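Colleague: The structure that follows is given in the form of structure tokens.
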Amino acid sequence: MTDDLLLDMRDVSVTFDGFRAINNLSLALRPGEMRAIVGPNGAGKTTMMDIITGKTRPDTGTVRFQGRDLTRLDEPAIARLGIGRKFQKPTVFEALSVTENLLLSLKGVRAPFAVLMARRSAGERERIDRLLHLTRLEAVADQPAGGMSHGQKQWLEIGMLMGQEPELLLVDEPVAGMTDAETMATADLLREINRTRSVVVVEHDMDFVRALGVDVTVLHEGSVLAEGTLDAVSADPRVIEVYLGR
Amino acid sequence: MNPFSTRAPRSLRGVIWMAAAVVAAAGGLAAASLLPEGNPLHASVFVVSLAGKYLSYAMLALAVDLVWGFAGILTLGHAAFFALGGYAMGMYLMREIGARGVYGNASLPDFMIFLSWKSLPWYWWGSEHFAWAAVLVVAVPGLLASVFGWLAFRSRVSGVYLSIITQALTYALMLAFFQNGLGFGGNNGLTDFKDILGADLHAPLTRAVLLVATGVLLATSLLAARFVVGSRFGSLLVAVRDAESRTRFLGYRPEQAKLLVWVFSAMIAGLGGALYVTQVGIINPGEFAPANSIESVIWVAVGGRGTLCGAVLGAILVNLGKTLFTAWLPEFWLYGLGLLFICTTLFLPNGLMGLWRHVRKPPPEEVTPEVADTQGDEA
């Protein structure tokens, strides 16, 4: 059964200076699935993303992606395998234009010499046009990304993620600081993306999670507290205690 | 216009203009130096060698701008690559002296005889060939930069820590080259050159040709640097400069990108050093002095970091200023240089090129959108 899973984290633990950020965490994702991860601050959501993308190495446990062991690989190698990550704070290359940002993200050449000699092909132009359309950034395509609004930067970063053509997208708090309308538009966009790719979304905003309409994993103190539909999870007394109690 | 815009500094037209201006100026001055002495347009040998020196320094500045302006690596040791290129050329020029040295030995330079050496050390082999020297001029700085860069970037050393180790690198090389036993003439360095490729180094024609060659090689380096920063690799460098860890999650290895531009930059610096030695006539360990590297950073800051043309302009103008200033008030030059750097940082963060863009392009509220757009395309 293991081979059917896209992402398979088993018994993963990581300790920072004696603090157990992740404690025997196991998480499995089927191909094509979208999963929302919720949990209070310090529950280990971002650390979990760091482990999957190679930024942090787990002390124990295994992380497999399409059957391959990720714990031996570094960030670029994992990115090239097909895992894309969107950070909580939008990180776009501010001095570059929107188009240049997208061009750098496109799946393809990565070796320095190849990048030096690369010329923009017709295929790449077409892919960029499609991404500009998807992210509604056509009008500002040649403007520096640094001049964009917060929402536009979020969308540009999502466009860059799409450009990487990853099998799995990790999205960290995509609607933080967005208006309600932008939040719902983002939920639509993620559902659209999920038609072709697997997605893991970390988010605090419950309205947004409800709009996604997917299974939810609740993290607490570095472990999985509950897993299931949003309604089932919300009714779980342990979840209620973590969120409301004490 | 936009504070984040980088289009104008990487302008191809600007670089072509600058390259053409450099070649024209070098050619014009070289031609003027060949006029008879009574001619009012005659340029003296002193002026020609001074111009050659400035253009060689401009290559060092260009090299610094490539790594500092575009990849964010604040190097405080680039003069080491410049000096190594200079020594590689100096070795050839020493061998060209042949039996005309004080001791009259056809194969050993004077300083080796003075040290009672019986034969050339292995690293001097082949140095009598100009072609081999031309290879070493770029290969030695390139090799040192590869090793240094590979170690530093792989360990993710960056920022001020990297600046400090580049400074340590050039200082260590300076101490090493002061040693007589190293085989590069110790304190005195390499000097008393006579010929290059059989041509008398002191003849006006040779000097004119060297100046033109320097101008052409500077222009070529400028265009090559523009090719690098104008390519997709150039975008990657800027991405690495501004958000290095983000590039990793896109599947790039920033340490490789930095290594590539670092080595390329060291080679340009080496070439500059080689041209410098042919025209200045001496290379000694003083060229490795940390202050030289810091000065080259100031040239770039004054001209405008991350603009390529600014580096060339800054190197020429600051050195021209230095020549004039040290003639009038030699003891105050360093204060002047320091003041210049402080003023640039405070009032001209984008250097002379930033000032130039500001003059050419008034603030946005004064122009209509269409006009702004056309200008944006041109600049």
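Colleague: Quick one: would you say B:Gln167 is of a type outside the set (Lys, Arg), surrounded by 14 or more Cβ atoms within 10 Å (Cβ to Cβ) and more than 30 Å from B:Ser44 (Cβ to Cβ)?
Modeller: In short, yes.
Colleague: If you don't mind, another one. Out of B:Leu29, B:Leu41, B:Leu66, B:Leu55, I need the residue that is surrounded by fewer than 24 Cβ atoms within 10 Å (Cβ to Cβ) and either under 29 Å from B:Gly230 (Cβ atoms) or in contact (Cβ under 8 Å) with a residue 12 or more places away in the chain (or both). Which one?
Modeller: Answer to the check: B:Leu29.
Colleague: Of all residues in the range A:32-55, which are over 12 Å from A:Leu219 (Cβ atoms) and either in contact with a Phe, Trp or Tyr (Cβ under 9 Å, 6 or more places away or on another chain) or surrounded by 17 or more Cβ atoms within 10 Å (Cβ to Cβ) (or both)?
Modeller: A:Glu33, A:Met34, A:Asp50, A:Ile51, A:Ile52, A:Thr53, A:Gly54, A:Lys55
Yes/no matrix, rows are residues, columns are (1) under 24 Å from the mean Cα position of the chain (by Cα); (2) surrounded by fewer than 18 Cβ atoms within 10 Å (Cβ to Cβ); (3) under 28 Å from B:Met267 (Cβ atoms); (4) in contact (Cβ under 8 Å) with a residue 40 or more places away in the chain:
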| position | (1), (2), (3), (4) |
| --- | --- |
| B:Ile113 | no, yes, no, no |
| B:Gly126 | no, yes, yes, no |
| B:Val135 | yes, yes, yes, no |
| B:Tyr171 | yes, yes, yes, yes |
| B:Met174 | yes, no, yes, yes |
| B:Lys194 | no, yes, yes, yes |
| B:Asp200 | no, yes, no, no |
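Colleague: Could you check the range B:226-315 for helices (runs of 4 or more DSSP H) lying wholly inside it with 1 or more residues that are surrounded by fewer than 24 Cβ atoms within 10 Å (Cβ to Cβ) and facing chain A (nearest Cβ under 9 Å)?
Modeller: B:232-249, B:254-280
Colleague: Looking only at the range A:58-85, which residues are within 22 Å of B:Arg156 (Cα to Cα), without any contact (Cβ under 8 Å) to a residue 40 or more places away in the chain and away from chain B (no Cβ under 14 Å)?
Modeller: The answer is A:Thr71, A:Arg72.
Colleague: Sticking with this structure for a sec: I'd like the full set of residues that are aliphatic (A, V, I, L, M) and closer than 17 Å to B:Thr307 by Cβ, limited to the range B:330-358.
Modeller: Within the range B:330-358, B:Leu348, B:Leu352, B:Met353, B:Leu355 meet the criteria.
Colleague: For the range A:116-131, what are the residues that are more than 9 Å from chain B (Cβ to nearest Cβ) and over 14 Å from A:Glu157 (Cβ atoms)?
Modeller: A:Ser121, A:Ala122, A:Gly123, A:Glu124, A:Arg125, A:Glu126, A:Arg127, A:Ile128, A:Asp129, A:Arg130
Residues are listed down the side, and each one gets a yes or a no for (1) free of Cβ contacts under 8 Å to residues at least 24 places away in the same chain; (2) over 17 Å from B:Pro254 (Cα atoms); (3) surrounded by fewer than 18 Cβ atoms within 10 Å (Cβ to Cβ); (4) of a type outside the set (Phe, Trp, Tyr):
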residue: A:Ser105; (1), (2), (3), (4): no, no, no, yes
residue: A:Ser121; (1), (2), (3), (4): yes, yes, yes, yes
residue: A:Leu131; (1), (2), (3), (4): no, yes, no, yes
residue: A:Ala141; (1), (2), (3), (4): no, yes, yes, yes
residue: A:Ala145; (1), (2), (3), (4): no, yes, no, yes
residue: A:Met148; (1), (2), (3), (4): no, yes, no, yes
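Colleague: Another question, then. Enumerate the strands (runs of 3 or more DSSP E) found wholly within the range A:150-242, keeping only those where 1 or more residues are over 24 Å from A:Pro31 (Cβ atoms) and either charged (D, E, K, R) or in contact (Cβ under 8 Å) with a residue 12 or more places away in the chain (or both).
Modeller: Once the strands (runs of 3 or more DSSP E) in the range A:150-242 are filtered for at least 1 residues that are over 24 Å from A:Pro31 (Cβ atoms) and either charged (D, E, K, R) or in contact (Cβ under 8 Å) with a residue 12 or more places away in the chain (or both), what remains is A:215-220, A:223-228.
Colleague: Return the residues of the range A:134-149 that are under 21 Å from the mean Cα position of the chain (by Cα), part of a helix (DSSP H, G or I) and either within 12 Å of another protein chain (Cβ to nearest Cβ) or hydroxyl-bearing (Ser, Thr, Tyr) (or both); say none if nothing qualifies.
Modeller: Once the filter is applied, which keeps residues that are under 21 Å from the mean Cα position of the chain (by Cα), part of a helix (DSSP H, G or I) and either within 12 Å of another protein chain (Cβ to nearest Cβ) or hydroxyl-bearing (Ser, Thr, Tyr) (or both), the range A:134-149 yields only A:Ala145.
Colleague: May I pose another question? Just need a number here: residues in the range A:86-115 that are over 27 Å from B:Val229 (Cα atoms) and either at the interface with chain B (Cβ under 7 Å from one of its Cβ atoms) or among the aromatic types (Phe, Trp, Tyr) (or both).
Modeller: Matching residues across the range A:86-115 total 1.
Colleague: Hey, another quick one. Consider B:Tyr57 against the criteria (1) at pLDDT 95 or above; (2) among the aromatic types (Phe, Trp, Tyr); (3) over 12 Å from the mean Cα position of the chain (by Cα): it satisfies all of them except one. Which criterion is unmet?
Modeller: With respect to (1) at pLDDT 95 or above; (2) among the aromatic types (Phe, Trp, Tyr); (3) over 12 Å from the mean Cα position of the chain (by Cα), B:Tyr57 is out only on (3).
Colleague: Which one of these is closer than 28 Å to B:Phe288 by Cα, over 21 Å from the mean Cα position of the chain (by Cα) and either of a type in the set (A, V, I, L, M) or modelled with pLDDT of 95 or more (or both): B:Phe233, B:Phe184?
Modeller: B:Phe184
Colleague: Pull up the range A:196-224, narrow it to residues that are hydroxyl-bearing (Ser, Thr, Tyr) and closer than 15 Å to A:Val242 by Cα, then point me to the one that is surrounded by the most Cβ atoms within 10 Å (Cβ to Cβ).
Modeller: Applying the filter and picking the extreme gives A:Thr217.
Colleague: Let me confirm something: among B:Val147, B:Val140, which residue is within 23 Å of the chain's Cα centre (by Cα), closer than 21 Å to B:Leu271 by Cα and buried (at least 18 other Cβ atoms within 10 Å of the Cβ)?
Modeller: After applying the criteria, what remains is B:Val140.
The values are calculated or read from the model by the stated rules, or taken from the named source; none is laboratory data. These numbers come from a predicted model, not from an experiment. For neighbour counting, all protein chains shown are included, and Cβ atoms are generated from backbone atoms with ideal geometry for every residue, glycine included.
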